[in-house]
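Structure first, commentary second.
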Amino acid sequence: MTAPGELRLMCVLAHPDDESLGTGGLLAAAAAQGVATYLVTATRGERGRIGGQRPGPEVAGPIRESELREAAAVLGVREVALLGYLDGDLDRADPREATSKIVAHLRRVRPQVVVTFPPDGIYGHPDHVAISQLTGAALIAAADPGFAPAPGVALDSRPHAVAKLYWFHFSPSSWDGYRSAFGDLVARVDGVERRVTPWPDWALTTALDVRAHWRTVWRAVQCHTSQVAAYSRLAELPPERHEELWGRQVLYRVFSLVNGGRGREDDLFAGLR
């Protein structure tokens with residue numbers, strides 16, 4: 001499964017298409033550099049729209065899972081794992097069980113770097129917020145030799161300490177470009193309208209130039225054919241706009257055991273290569 005000295009990256013996300021729209025550039029770039037990339041997705045997106053309609057979990061789930069696996073293959077992801085939670089209900093999952101499931105993947109794959117959503121879920125989506133919290137808890141638990149998993153979840157007994165954790169987000173400039181292509185991202189939760197609040201440039205520790213891989217990311221996005229209605233503006237964009245959209249990723253380095261400082265980082269594996 002894993003070779004000694006091999007660089008390994010794991011993205012822990014909420015829905016099919018998060019891997020392409022949110023982390024496509026960094027996954028494609030890492031795979032092209034020979035990094036082993038892994039994807040853990042909490043749900044199958046089964047309550048989402050299919051061609052503008054909501055056909056229900058039994059129809060939508062298999063379609064969106066198939067699209068997820070196709071997109072991940074385009075991005076060069078070595079393995080896709082699903083946690084099996086219902087789209088829209090992740091924040092109501094048993095936290096010990098969900099944490100244990102993520103710990104199982106962390107200890108098995110043993111990635112040095114993990115990427116997930118920021119604590120605000122980009123635009124407040126409850127599943128995004130939940131996977132950020134669960135991933136943070138799982139990183140602590142994975143390194144704890146005394147962690148007791150939830151019943152029914154089997155763990156590798158060897159603890160594993162992740163070296164670096166990142167949250168991906170928008171800077172003001174990257175959000176302007178994204179919004180011009182997609183429109184506003186809005187989540188209405190408990191009567192409150194949640195929207196994207198870009199982080200200031202100074203707060204984002206890491207900027208990746210992944211322009212060499214924007215075509216790969218765009219091909220991965222196009223694998224999510226059931227979401228065409230939501231992505232309709234993208235097909236009309238010229239190549240230079242696609243390069244702007246998919247060619248740069250900004251992130252916040254939550255912690256690192258191998259490097260630090262306020263200098264802008266341009267490599268997720270800085271300190272590990």
Determine whether the stretch 30-45 contains at least one residue that is charged (D, E, K, R) and surrounded by fewer than 18 Cβ atoms within 10 Å (Cβ to Cβ). no
Considering only the stretch 133-170, state which residues are surrounded by 18 or more Cβ atoms within 10 Å (Cβ to Cβ) and farther than 16 Å from His105 by Cβ. Gln133, Lys164, Tyr166, Trp167, Phe168, His169, Phe170
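Matching residues to (1) at pLDDT 95 or above; (2) among the hydrophobic types (A, V, I, L, M, F, W, C); (3) in contact with a strand residue (DSSP E or B) (Cβ under 9 Å, 6 or more places away or on another chain):
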site	(1), (2), (3)
Gly48	no, no, no
Gly51	no, no, no
Gly56	no, no, no
Ser66	yes, no, no
Val74	yes, yes, no
Val77	yes, yes, yes
Lys101	yes, no, yes
If you scan the stretch 212-264, which residues turn out to be of a type in the set (D, E, K, R) and either in contact with a Phe, Trp or Tyr (Cβ under 8 Å, 6 or more places away or on another chain) or not in a loop (DSSP other than H, G, I, E, B) (or both)? Arg215, Arg219, Arg233, Glu236, Glu240, Arg241, Glu243, Glu244, Arg248, Arg253
Quick check: is even one residue across the stretch 60-71 assigned to a loop (DSSP other than H, G, I, E, B) and crowded, with 22+ Cβ neighbours inside 10 Å? no
Residues of the stretch 93-112 that turn out to be surrounded by fewer than 24 Cβ atoms within 10 Å (Cβ to Cβ) and in contact with a Ser or Thr (Cβ under 7 Å, 6 or more places away or on another chain), as a count: 2
Candidates Leu90, Leu82, Leu27, filtered to the one that is surrounded by fewer than 21 Cβ atoms within 10 Å (Cβ to Cβ), under 16 Å from the mean Cα position of the chain (by Cα) and modelled with pLDDT of 95 or more: Leu82
What residue, of Val74, Val12, is in contact with a helix residue (DSSP H, G or I) (Cβ under 8 Å, 6 or more places away or on another chain), in contact (Cβ under 8 Å) with a residue 60 or more places away in the chain and surrounded by fewer than 23 Cβ atoms within 10 Å (Cβ to Cβ)? Val74
Going by the conditions given, is Arg188 without any contact (Cβ under 8 Å) to a residue 40 or more places away in the chain and surrounded by 12 or more Cβ atoms within 10 Å (Cβ to Cβ)? no
Mind checking which residues of the stretch 192-211 are over 22 Å from Ala32 (Cα atoms), of a type outside the set (Ser, Thr, Tyr) and outside any strand (DSSP E or B)? Val196, Pro198, Trp199, Pro200, Asp201, Trp202, Ala203, Leu204
Does Arg233 count as surrounded by 17 or more Cβ atoms within 10 Å (Cβ to Cβ) and of a type in the set (Lys, Arg)? no
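The values are calculated or read from the model by the stated rules, or taken from the named source; none is laboratory data. Quantities reported herein were computed from a predicted structural model and do not represent experimental measurements. Using ideal geometry, Cβ is built from the backbone for each residue, glycine included, and neighbour counts are taken over all protein chains shown.
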